[in-house]
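Participant: To start, I am sharing the structure in question, which I have written as structure tokens.
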Amino acid sequence: LRIVARYRRRAKKRRPQVGRHATSPSPTLSESMHGNCGNVFDSYSHVLEQKCATSQHIPARYYNDIGAPHGSFAVSKINTLNICVSHLPFPKRFDHYVDLMVSPVPMSGPRRVIQVADDFFGERGHTLSEYAQLLWLHDKLETLIDGFEYIRLFQYRRFVSSTPLGVASWNCAWTWIQPSRLRNIPNEFGRFSEGELFNHAIVLENGVVFQYAMSHILEDLLNFTKFIIENRIITPAEAVEFLTSSTLIPACSTGIYSVVNFKDIFGKLRQAAEFVNSAYYVSRPGIQRRVGGFLLERLNSYLLLRYLKGGSEIRRFGQYIMIEDRRILKRLERRIFAFVYRAAIKIGEIAQRHVAGVRIGSRVKEVLIEI
């Protein structure tokens, strides 16, 4: 609780003053749909495009110094498009790091925002989580970009850094940074890439299947594997490797992908996503309703690891970075208080049922694990 309180105090100090930054008026939808691409990028207006309402591509020539009024991104060659795929906006002070925002909901933020609702993939599209937007990006890639070799994928609070940053998490593969630190790392969102960049792979002691079963429903993974074998997305031998692997790339949908590699991997994921429309799919409640996204993430990691085993292209492994979010800290605070409250009630009930002098430590431990 002291840690949460300290983070809340820090977040309060970092809160920007109201009215400190003026925003430009937003153009109408018709202006954003029919206007010239170059004019869109020359202004700081927020552009909202409905699903596939426009097929205007983004020529690379418009990206010379884009989003960098002071020339912080001025380079001799532009070959990378920065795409944020998220349901929440990237930290507003750093909108200039984002060339294209793909979101399931309408939002203001970067100059070019494309809304791709989950139901673009049908009534079960919500189960694909962020992969619904990533697969739409795969389908429309040719119409959106022209002249780029790489795409940099990130979310509103996670990205891949080429250099170590932040404070390591005590139980996860990522490190934390404060949003204000983004101003010190413009090169991590540059528009020139020498090669691909992905998160470092981690080794799971009991394997990928055990890790999935601990957090999700094993039956879904087995049904998914059967589906992708039957549809010849992977071979039976590859399926064995997929299920027995102990290596995983966390947040494998983020990083710098070559356009060719992105098309290949996400082309297979596009086929595998049809699992949610098959007889093998079982609708789940709660957080497990995103089962399609969980399964595609495991397959994404496997396909990426297999790709990285061969080839001679330049590839780098970076650091998985999480940006601190006050909303997450508030949710954590509520969960901590809820846990303490339920634990106190349970322990009180146990104490009332036992006579004085009886050891109840083991029973208390069981209750806390259950909670």
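Readers should treat all values here as calculations from the given coordinates under stated rules, not as data from a laboratory. As the structure is a prediction and not an experimental result, all values here were calculated from the model. Note: ideal-geometry Cβ built from the backbone for every residue, glycine included; neighbour counts use all protein chains shown.
Participant: Confirm whether residue 254 is exposed (fewer than 14 other Cβ atoms within 10 Å of the Cβ), within 21 Å of the chain's Cα centre (by Cα) and not aliphatic (A, V, I, L, M).
Facilitator: no
Participant: With the requirement that a residue be surrounded by 15 or more Cβ atoms within 10 Å (Cβ to Cβ) and either in contact with an Asp or Glu (Cβ under 7 Å, 6 or more places away or on another chain) or in a helix (DSSP H, G or I) (or both), what does segment 188-212 give you?
Facilitator: 188, 189, 196, 207, 208, 209, 211, 212
Participant: Would you call residue 173 touching a strand residue (DSSP E or B) at 6+ places or on another chain (Cβ under 7 Å), farther than 30 Å from residue 148 by Cα and assigned to a loop (DSSP other than H, G, I, E, B)? Give the derivation first.
Facilitator: Values: touching a strand residue (DSSP E or B) at 6+ places or on another chain (Cβ under 7 Å): yes; farther than 30 Å from residue 148 by Cα: yes; assigned to a loop (DSSP other than H, G, I, E, B): yes.
Spelling it out, residue 173 is indeed touching a strand residue (DSSP E or B) at 6+ places or on another chain (Cβ under 7 Å), farther than 30 Å from residue 148 by Cα and assigned to a loop (DSSP other than H, G, I, E, B).
Participant: So, one more: Right, residue 130: more than 15 Å from residue 189 (Cα to Cα) and touching a helix residue (DSSP H, G or I) at 6+ places or on another chain (Cβ under 8 Å) or not?
Facilitator: Taking the combined requirement at face value, the residue satisfies it.
Participant: Which one is surrounded by the most Cβ atoms within 10 Å (Cβ to Cβ) among residues in segment 149-180 that are aliphatic (A, V, I, L, M) and touching a Lys or Arg at 6+ places or on another chain (Cβ under 9 Å)?
Facilitator: Among them, the one singled out is 160.
Participant: List pairs: first in segment 231-256 and closer than 16 Å to residue 211 by Cα, second surrounded by fewer than 13 Cβ atoms within 10 Å (Cβ to Cβ) and not hydroxyl-bearing (Ser, Thr, Tyr), Cβ under 7 Å, 6+ apart or cross-chain?
Facilitator: Correct list of pairs: 246/203; 247/203.
Participant: In segment 190-243, what residues are touching a Ser or Thr at 6+ places or on another chain (Cβ under 7 Å) and among the basic types (Lys, Arg)?
Facilitator: The one that is touching a Ser or Thr at 6+ places or on another chain (Cβ under 7 Å) and among the basic types (Lys, Arg): 191.
Participant: If you don't mind, another one. Go through segment 80-121 and give me each residue that's free of Cβ contacts under 8 Å to residues at least 40 places away in the same chain, farther than 20 Å from residue 322 by Cβ and not aliphatic (A, V, I, L, M).
Facilitator: 96, 104, 118, 119
Participant: Next question. Being farther than 26 Å from residue 160 by Cβ, in a helix (DSSP H, G or I) and of a type in the set (Asp, Glu) is true for just one of 264, 220. Which residue is that?
Facilitator: Every option except 220 fails the conditions.
Participant: Find the strands (runs of 3 or more DSSP E) located wholly in segment 76-125 whose residues include 1 or more that are crowded, with 21+ Cβ neighbours inside 10 Å, out of contact with any Cys (no Cβ under 9 Å at 6 or more places or on another chain) and among the aromatic types (Phe, Trp, Tyr), and list them.
Facilitator: none
Participant: Condition first: buried (at least 18 other Cβ atoms within 10 Å of the Cβ) and out of contact with any Phe, Trp or Tyr (no Cβ under 9 Å at 6 or more places or on another chain). Now tell me which residues in segment 132-148 satisfy that.
Facilitator: 144, 145
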